[in-house]
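Heads up: the structure comes next, in structure tokens.
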Amino acid sequence: MPQSSNNPFHIGLRTLKTSISVFICVVLFRVLHRGSPMLAALSAIFSLRVDHQQTFKFALSRFIGNSTGGVIAIILLQLRYHLPYPQYTDLLLAPIGIVLIILFCNQFNKTGVINSCATFLVIFFNIEAAENVGYAVQRILDTLIGAVIAIGVNHILPNPHLKKQEN
């Protein structure tokens, strides 16, 4: 019996693709002993959209956003440790980082503001100075892995929306 889209428990193709993308992220991270697959899985979830073009667009935006937040966090963290009273400089540097991110995103990556800011704050406030560059690079890589998985799953599995556009 075909399920109706009016059924609140209907599992659509996008839901299935999203769950498969998360599954692949988890398996890949376990096999590679890469640690938590959380950011890759989130990237896959946020990236996977109704069609290939939108999936690629959101994946690229997410990657640029995380890269932006990571780079600005690294720069400001390095600056923080060269300023007097480093325990208080975050009162100034955190808001400056957010302003820089918003200005950059408004110019180049309008859809990436929120994840850029989130990445910046996670790195800026949670990671020790000696580890922040490596952590930022790994998180950006995690985001790229999840986005690529979402793009791949969306290309491999059928997409009825493409057939509607062609007709």
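The values are calculated or read from the model by the stated rules, or taken from the named source; none is laboratory data. The structure displayed is predicted, hence computed values, not measured ones. A quick note on method: Cβ atoms are made from the backbone with ideal geometry, for glycine too, and the neighbour counts reach across all protein chains shown. Protein only, heavy atoms only, side chains kept; ligands, DNA and RNA dropped before computing areas. Shrake-Rupley method; radii C 1.70, N 1.55, O 1.52, S 1.80 Å.
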By how many degrees, between 0 and 90 and to the nearest 10, does the Cα long axis of helix 132-156 differ from the longest principal axis of the chain? 10
In sequence order, calculated HN-Hα J values of segment 92-97 (Karplus, 6.51, -1.76, 1.60; Hz; x Gly/Pro): 9, 6, 4, x, 5, x
Report, to the nearest 10°, how far helix 13-31 tilts away from the longest principal axis of the Cα atoms in the chain, using its own Cα long axis and a range of 0 to 90°. 50
So for segment 5-66, averaging the separation of alpha carbon pairs under 8 Å that are six or more residues apart and normalising by length, what relative contact order in percent results? 27
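Please return the longest range in the chain lying between exposed loop sites, taking chymotrypsin sites (Phe, Trp or Tyr not before Pro), DSSP loop only, at most 14 other beta-carbon atoms within 10 Å, and leaving the sites out. List each step's numbers first, then the result.
Working: sites that count: F9, Y81.
Here the longest run is 82-167.
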With θ set to phi - 60°, apply the Karplus curve 6.51 cos²θ - 1.76 cosθ + 1.60 along segment 6-11 and write out the HN-Hα couplings as whole Hz, x wherever there is a Gly or Pro. 7, 5, x, 9, 5, 9
Hey, what angle do you get for helix 52-80 against the long axis of the chain, alpha-carbon based, 0 to 90 degrees rounded to 10? 10
Solvent-accessible heavy-atom area per residue, rounded to whole Å², over the chain at 1.4 Å: 60
For the chain, take the convex hull of the Cα atoms, compute a quarter of its surface area, and give me that in nm², please. 12.6
For a quick check, take a GNM of the chain with Cα springs below 10 Å and name the residue from A41, A94, A147 with the largest mean-square fluctuation. A94
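Ignoring ligands, DNA and RNA, what percent of the accessible area of the chain is carbon or sulfur (1.4 Å)? Walk me through the intermediate numbers first.
Numbers: 7020 of 10100 Å².
The C+S portion of the solvent-accessible surface of the chain is 69 percent.
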